[in-house]
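The values are calculated or read from the model by the stated rules, or taken from the named source; none is laboratory data. All of these numbers come straight from a predicted model, not from anything done at the bench. With ideal geometry, Cβ positions are generated from the backbone for all residues, glycine too; neighbour counts draw on all protein chains shown.
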Amino acid sequence: MDDAPPTTRDLIEAWDSGLRGMLGLCETLSDQQWAAPTPCPGWSVADIVAHTIDVEQTVGGYPRPEHELDLAALPHARGLGELTEIGVDYRRGRPREQVLDELRAVLPVRRGQLDATPAGAEVVGPFLSTMPLERVLRMRIFDIWVHEQDIRAAIGQDGGWGAPAARVAFRQMIGALPFVWGKNVRAPAGSTVRVRVTGPELEADVSAVVGDDGRGHHVASPDDPTVTLALSWPDFMVLACGRIDPADPGLRSRIELTGDSGLGERLLPALSIAP
């Protein structure tokens, strides 16, 4: 991927188009599709939309819902999942149009807030900590676009691989390779990894090496990498977002993994960077 990093304005536009893309997709769904289970444990399509509303309201300064969870009935909601489940369970069972109306209402409010915020300003993030505007935008774009893909997986409707939000999410996944190789895989010093993402829509050929300090660093493609992984953009996405078991036979038949087999097998689950 050789395009320039997105500006703050680019990120705002990608966030806007990502949220509108999710809304437009959900406006076309049948009641059965609205209730369909997604790759997110315990969540339906309706729940993903509720989650998206909840996070946008949180970073927008709305008061959080006062709602008590029945954790015994929600085995998927543990740790940080308890926090994210509150806004979901609060809306669970509401009519679809009521939920979509809430998403329609928060979008222009948040857009107005973002347009009025100076580049580089410190703002509230999804978990109520303060961080730079651009980091929050990247986090939100990543979350919104990946959840759109969860919805698409639930209803069997492929698409969105080259959208502006997809490009931002792709850059984050690709950019994490040095961290993945050094921190998650704990590859030995001097070992290299090359990952080729072959499309559709977006492609990349990136490599990383582990330094003597144990940290991963981007590097020009080596002649003889320790591990090489070649896969499609959709397969890269589901691995990077923890949406598939790395041992899945279908996945293994589609990817090319060569070089050191031990490190290669450690790389596949280590690619998951989604919270």
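Six or more apart or on different chains, Cβ under 9 Å: which pairs go from a residue in the stretch 30-41 that's in the same structural domain as ASP245 (by TED's automatic domain parsing) and touching a residue at least 24 places away in the same chain (Cβ under 8 Å) to one that's among the polar types (S, T, N, Q) and in a helix (DSSP H, G or I)? Could you list them?
Pairs that qualify, where the first residue is in the same structural domain as ASP245 (by TED's automatic domain parsing) and touching a residue at least 24 places away in the same chain (Cβ under 8 Å) and the partner is among the polar types (S, T, N, Q) and in a helix (DSSP H, G or I): there are none.
Output the number of the condition that GLU56 fails; it satisfies all remaining conditions of (1) under 24 Å from MET131 (Cβ atoms); (2) at pLDDT 95 or above; (3) exposed (fewer than 14 other Cβ atoms within 10 Å of the Cβ); (4) of a type outside the set (Val, Ile, Thr).
(3)
Exactly one of these conditions fails for MET139: (1) without any contact (Cβ under 8 Å) to a residue 60 or more places away in the chain; (2) closer than 25 Å to PRO39 by Cβ; (3) out of contact with any Leu (no Cβ under 9 Å at 6 or more places or on another chain); (4) surrounded by fewer than 17 Cβ atoms within 10 Å (Cβ to Cβ). Give me its number.
All conditions pass for MET139, except number (4).
Please indicate, with yes or no, whether at least one residue in the stretch 178-193 is closer than 27 Å to GLU13 by Cβ and in contact with a Leu (Cβ under 8 Å, 6 or more places away or on another chain).
No, the stretch 178-193 contains no residue that is closer than 27 Å to GLU13 by Cβ and in contact with a Leu (Cβ under 8 Å, 6 or more places away or on another chain).
Go through (1) over 14 Å from LEU19 (Cβ atoms); (2) in a helix (DSSP H, G or I) one by one and return the number of the condition VAL109 breaks.
Unmet condition: (1).
So GLY159 passes all but one of these: (1) more than 20 Å from SER17 (Cα to Cα); (2) touching a helix residue (DSSP H, G or I) at 6+ places or on another chain (Cβ under 8 Å); (3) of a type outside the set (S, T, N, Q). Which condition number does it fail?
Condition (1) is where GLY159 drops out.
Counting only residues that are in contact with a helix residue (DSSP H, G or I) (Cβ under 9 Å, 6 or more places away or on another chain) and surrounded by fewer than 15 Cβ atoms within 10 Å (Cβ to Cβ), which one in the stretch 253-268 is nearest to ARG138 (Cα to Cα)?
That would be ARG254.
Evaluate the following for GLY61: is it over 23 Å from GLN149 (Cα atoms), without any contact (Cβ under 8 Å) to a residue 60 or more places away in the chain and surrounded by fewer than 12 Cβ atoms within 10 Å (Cβ to Cβ)?
On the way: over 23 Å from GLN149 (Cα atoms): yes; without any contact (Cβ under 8 Å) to a residue 60 or more places away in the chain: no; surrounded by fewer than 12 Cβ atoms within 10 Å (Cβ to Cβ): yes.
Spelling it out, it is not the case that GLY61 is over 23 Å from GLN149 (Cα atoms), without any contact (Cβ under 8 Å) to a residue 60 or more places away in the chain and surrounded by fewer than 12 Cβ atoms within 10 Å (Cβ to Cβ).
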